[in-house]
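One structure below.
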């Protein structure tokens, strides 16, 4: 029986490689012959790392995270303000997203580790068939990321779902299924 690694909180903060190692262990455990990773958002980070290491045979990135985001000055001011307040011992209870604030200390550190891992440098080492699917209305991982992935991953192809957001695979489920089946055959 396979037990999900994600049902139990880890005893220490995790890094991206920890998640990739878990997936590699599962691949070995089931003795997979051909491995196709379909990674949405954070799962795309895992897929990018596994593909860059040559562990998988095909990759589908769906509204994937992993690239260094473009930030405006306002963001950097907000971060600097938070760090200064924390250093001065001031209360910073409202800092971070609602999701972040709801996490335990271990998972907060894991979250920070993951979102601060930028994989731009890994893209040119991916040389497997790669399909990139993106919602053009995605505000979490904007379209410029899809274009950069397509440009940097040799031989990749991009499919854009007009009017879809970050969960484009759900918003266009039938089309998504057809695209995946076509790519995998």
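We did not get these values from a lab; they are worked out from the coordinates using the rules stated. What you are looking at is a predicted structure, and each value in this text was computed from that prediction instead of being measured. Every residue, glycine as well, gets a Cβ built from its backbone with ideal geometry; the counts of neighbours run over all protein chains shown.
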Seminar exercise, completed: Longest principal axis of the chain (C-alpha) makes with the long axis of helix 105-115 (C-alpha) an angle, in degrees to the nearest 10, of 60 degrees
Exercise. Could you give the angle, 0 to 90 degrees to the nearest 10, between helix 173-184's Cα long axis and the longest principal axis of the Cα atoms of the chain?
Worked result: 60 degrees
Exercise. Which label belongs to the value computed from this structure, given these candidates for mean projected area of the Cα convex hull in nm²: (i) 11.4; (ii) 12.4; (iii) 26.7?
Worked result: (ii)
Seminar exercise, completed: The exposure ranking of 88, 158, 123, 170, fewest beta-carbon neighbours within 10 Å first, is 88, 170, 158, 123
Exercise. Angle between the Cα long axis of helix 42-52 and the longest principal axis of the chain, 0 to 90 degrees, nearest 10?
Worked result: 60 degrees
Problem set entry | Structure-based [θ]222 nm, the chain - -39500 (n - 2.57) summed over DSSP H runs of at least 4, per residue, nearest 500 | -13000 deg cm²/dmol
